[in-house]
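Throughout, read-outs are computed from the coordinates displayed, never taken from laboratory work. These figures come from a predicted structure and were not determined experimentally. Reconstructed Cβ throughout: ideal geometry from the backbone, glycine too, with neighbour counts over all protein chains shown.
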Amino acid sequence: MSIRSNQLTEGLLKNLKYDKPLKVDGGDQWIINFNGENRAAVMSAKTGAYLKWDARQEFVIMDTTECWWNVLLLPQDDALVLALRVPPGINEDEGLQTLQMQPDYSVILQNQVGDPNNTQLWMVVMSDMSAQVSVNFSAQ
């Protein structure tokens, strides 16, 4: 799948396993800026802060500095489903830190080797306002 550069979408990021939206610091509406190179910045529509990882790549934090996640796109019944991963470092063969929802609906970064599981997959549920600027993707 590919995405055109500078495509924006706004809406919920709903976890596939738990069917719950990603909520950080009380916000559950996100503006996702895809740069066309399988990277995206995820900004809270409520606060304007960006979803980011901490220095140890264990926890999700919010920050005023734009942060680019690696995005893995997966086809799912005409929906946009993705995994958000910390860009790989030197030891990428040992896995990638991937955004994951826990059973209590909190989120962490989990080392993932291979394909992401349903706790690490997020469906973009677009708000009505983003219909005009939604992400365009197509099979390659």
Quiz item: For segment 13-42 and segment 50-118, what is the separation of their Cα centres, given in Å?
Solution: 10 Å
Quiz item: Each residue of segment 111-126 in order: what ³J(HN,Hα) in whole Hz does its phi give by Karplus 6.51 cos²θ - 1.76 cosθ + 1.60, θ = phi - 60°, with x for Gly and Pro?
Solution: 5, 10, 9, x, 5, x, 9, 5, 6, 10, 10, 10, 8, 7, 9, 6
Practice problem: Report, by chain and number, residues whose modeled amide H sits under 5 Å from the one on Phe59, excluding near sequence neighbours (fewer than 5 apart, same chain). | Solution: Asp54, Leu109
Quiz item: Over the Cα atoms of segment 20-99, what Rg and Dmax result, in angstrom?
Solution: 12.9, 36
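Please give the FRET efficiency for Ser106 paired with Thr47, using the beta carbon to beta carbon distance and R0 = 22 Å, rounded to the nearest 0.05.
Numbers: r = 18 Å, r/R0 = 0.82.
Rounded to the nearest 0.05, the efficiency is 0.75.
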Quiz item: Which whole-Hz couplings ³J(HN,Hα) result when phi for each residue of segment 31-43 is put into the Karplus expression 6.51 cos²θ - 1.76 cosθ + 1.60, θ = phi - 60°, listed in order with x for Gly and Pro?
Solution: 10, 10, 9, 8, 9, x, 10, 6, 9, 8, 9, 10, 10
